[in-house]
Amino acid sequence: MHPAFSVIFLTTLIGAGQGLFLALVTAQSYAAVDFVSIKDANSFYAYGSAIALLLLVAGLFASFFHLGHPERAWRSAAMWRTSWLSREVIALPTFMMFVFIYGTMHFFGWDPLILSVEQPLQGQLSLYVGIIGTLMCFALFISTAMIYACIKFLQEWHSPLTVINYTLLGTASGFTLATAYSAIMAPELVTLFGTWASIITLTALISRSAALIRNSRIKYKSTIQSAIGVRHSNIQQKSMGSMGGSFNTREYFHHARMGWFKSIKWLFMVLVFIVPAILLAMGMQKNNYELLGLAFIVQYGGLLLERWFFFAQANHPQNLYYQTV
Amino acid sequence: MNANPGYAGLQEGSETQMTQLALIIDLNVCVGCHACVTSCKQWNTSGPAGSMCDDNPYDKDPTGTFFNRVQSFEIGTYPNTELVHFPKSCLHCEDPPCVPVCPTGASYKREQDGIVLVDYDKCIGCKYCSWACPYGARELDEHQKVMKKCTLCVDRIYDEALPEDERKPSCVLACPTNARLFGDVHDSESEVSTIIREEGGYQLMPEWGTKPANHYLPRRKTRIKIHDDELIRSDNPLKKEGVKPKKIIDDQTLDDITSW
């Protein structure tokens, strides 16, 4: 498939925003049971939510460049019963609303105790909003990934690994960002976020590698024989019915050189997993926000390449009809 | 109670959709002349839905939107080759994977005749439906920025202003070798159903379960089997005894009798 930059930015930006929000709610739930204590917790959560919201808005903005008619985008919520894209269109603004409410509640300190069963466990309204937001966050991860995973004849995508990878990679980048953010705002949380960021990054390394291994062994169900219905082992296309190319030759091929295509794979493996893991370990030791910030920037840049590769690697069966001019 | 749920499902399916219009394309007689391509473009670019884009038609890198394309495939190794011309358009699947993925409902399958259509006024141009079509039958119009595809000339086949024999898709009327047939594949007695049944009509990429309504007819060779004993008569009475009749030298010939 042709990797569209609008979709690459959409999926990576909202992934990082979602991961950052998950990190904030994680910190608050740790704090609720007194595992950690945060000085000036409200502004930490409020500004963190603002950054998450900013990433989500940027992702939403990028997505409009994918549309031929962005002014009609409101229509795309209609078919949520059948279309994962429609479900994503509903899940993204709903999640953004919860991030906004969560951040606002902390910013103004509206956080009444609504439930206090025993002394250590304090029911805070904002935590409940955060938990509903977390559910919406996972709904959004699933919707985004299922857009790709539900197309059964794009065999590289049609796997539960697609959903796992979208979730883990987004969460990993968000937690890395949270580590860098906490190094500035709340140094007491660096170890918590940094440890989780490293664990999630390394888990994502395993699941993304599993997807790469799976995809390298794919046996395509469609062949040129089934495409035109002629049983012969030697079939060559002589003409595709157009001379200057068409939508079919532009949309479904990545048009990158094979060497470049292959090097991207190794490049993103290094940039998404190995370099950030090292930078996270170093930054956590020295409590250095520059190293941790670099870890996020490198990981996010790597994720752009990862997403490019994700699209480019998918081989659409229609390509069987477009092999030669 | 039905022991075979698949069969029951088929029954229900055919009840909800009485008619399924489709094209039958006969690869045995298609000569690859592209008349269907040009007539399709002419009819559909002149329709009320607006023109289909056509960039650099007479220049370098010509490109544009087409509902129908004719491709050519060489089968076999030289000198034992055969060139198959392969017209390709939307197959109007009975279970179209492109319809449920559309987020706006712009892509839909008509209940009354099974035609898969795009509402150009609702399409947001997200291209998701084209990803979800394994045949590459949908093309984005680069100027109107909406998804386009074969409509089976829905603005023509029901037009009562046209003479009845012209109420067919444009490509069908244009085909000089009659390689394209149009009809209802759910009606078992229709011309198209009969020909699918009798001439070995098949569907493309059956592995995805899309159940395309359009069918293709394979190349067919007309051969007769001639056995050796039909060339040399084994029961020829003249050869039966192994002795050929010889001329009797002493006998009178016609010349002997008639010459005086």
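The values are calculated or read from the model by the stated rules, or taken from the named source; none is laboratory data. Predicted model, so just to flag it, every value in this text is computed and none were measured. Using ideal geometry, Cβ is built from the backbone for each residue, glycine included, and neighbour counts are taken over all protein chains shown.
From the list B:Cys150, B:Cys129, B:Cys123, the lone residue that is part of a helix (DSSP H, G or I) and touching a strand residue (DSSP E or B) at 6+ places or on another chain (Cβ under 6 Å) is B:Cys129.
For segment A:61-69, the count of residues that are away from every other protein chain (no Cβ under 14 Å) and either surrounded by fewer than 18 Cβ atoms within 10 Å (Cβ to Cβ) or touching a strand residue (DSSP E or B) at 6+ places or on another chain (Cβ under 9 Å) (or both) is nonzero.
Taking the stated definitions as given, is A:Ser143 within 14 Å of the chain's Cα centre (by Cα) and either surrounded by 22 or more Cβ atoms within 10 Å (Cβ to Cβ) or in contact (Cβ under 8 Å) with a residue 40 or more places away in the chain (or both)? Spelling it out, A:Ser143 is indeed within 14 Å of the chain's Cα centre (by Cα) and either surrounded by 22 or more Cβ atoms within 10 Å (Cβ to Cβ) or in contact (Cβ under 8 Å) with a residue 40 or more places away in the chain (or both).
Out of all the residues in segment A:55-66, is one or more in contact (Cβ under 8 Å) with a residue 60 or more places away in the chain and not aliphatic (A, V, I, L, M)? Yes: one or more hits. From the list B:Tyr108, B:Tyr128, the one residue that fits, being within 30 Å of A:Thr82 (Cα to Cα), more than 9 Å from chain A (Cβ to nearest Cβ) and aromatic (Phe, Trp, Tyr), is B:Tyr108.
Here's the yes/no breakdown for (1) modelled with pLDDT under 80; (2) more than 25 Å from A:Ile228 (Cβ to Cβ); (3) not in a loop (DSSP other than H, G, I, E, B):
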| position | (1), (2), (3) |
| --- | --- |
| B:Asp165 | no, yes, yes |
| B:Val172 | no, no, yes |
| B:Leu181 | no, no, yes |
| B:Arg223 | no, no, no |
| B:Ser234 | yes, yes, no |
| B:Lys246 | yes, yes, no |
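Listed here are the residues, each with its yes/no results for (1) within 7 Å of chain A (Cβ to nearest Cβ); (2) crowded, with 18+ Cβ neighbours inside 10 Å.
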position: B:Lys60; (1), (2): no, no
position: B:Thr63; (1), (2): yes, yes
position: B:Val70; (1), (2): yes, yes
position: B:Glu74; (1), (2): yes, no
position: B:Val84; (1), (2): yes, yes
position: B:Ser89; (1), (2): no, yes
position: B:His92; (1), (2): no, yes
position: B:Pro97; (1), (2): no, yes
position: B:Val101; (1), (2): yes, yes
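Restricting attention to segment A:254-269, the residues being surrounded by 14 or more Cβ atoms within 10 Å (Cβ to Cβ) and under 23 Å from the mean Cα position of the chain (by Cα) number 7.
One line per residue, one yes/no per condition, for (1) surrounded by 15 or more Cβ atoms within 10 Å (Cβ to Cβ); (2) of a type in the set (S, T, N, Q); (3) within 14 Å of chain A (Cβ to nearest Cβ):
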| site | (1), (2), (3) |
| --- | --- |
| B:Ile124 | yes, no, yes |
| B:Pro134 | yes, no, yes |
| B:Lys149 | yes, no, yes |
| B:Arg156 | yes, no, no |
| B:Cys171 | yes, no, yes |
| B:Ala174 | yes, no, no |
| B:Arg180 | yes, no, no |
| B:Thr194 | no, yes, no |
| B:Gln203 | yes, yes, yes |
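Considering the conditions (1) in contact (Cβ under 8 Å) with a residue 24 or more places away in the chain; (2) over 13 Å from B:Ala106 (Cβ atoms), B:Pro163 is excluded by exactly one of them, (1).
Going through (1) out of contact with any Asp or Glu (no Cβ under 9 Å at 6 or more places or on another chain); (2) under 15 Å from A:Ser76 (Cα atoms); (3) among the aliphatic types (A, V, I, L, M) one by one, B:Met147 falls short only on (1). Taking the criterion of being of a type outside the set (S, T, N, Q), at the interface with chain B (Cβ under 9 Å from one of its Cβ atoms) and without any contact (Cβ under 8 Å) to a residue 60 or more places away in the chain, the residues of segment A:75-95 that qualify are A:Arg75, A:Ala77, A:Ala78, A:Met79, A:Trp80, A:Arg81, A:Arg87, A:Glu88, A:Val89. Residues that are under 17 Å from B:Asn56 (Cβ atoms) and either among the basic types (Lys, Arg) or under 36 Å from the mean Cα position of the chain (by Cα) (or both) within segment A:236-247 comprise A:Gly244, A:Gly245, A:Ser246, A:Phe247, listed in sequence order. If the condition is being at the interface with another protein chain (Cβ under 8 Å from one of its Cβ atoms), in a loop (DSSP other than H, G, I, E, B) and more than 21 Å from B:Gly201 (Cα to Cα), then segment A:222-256 contributes A:Asn234, A:Met240, A:Gly241, A:Ser242, A:Met243, A:Gly244, A:Gly245, A:Ser246, A:Tyr252.
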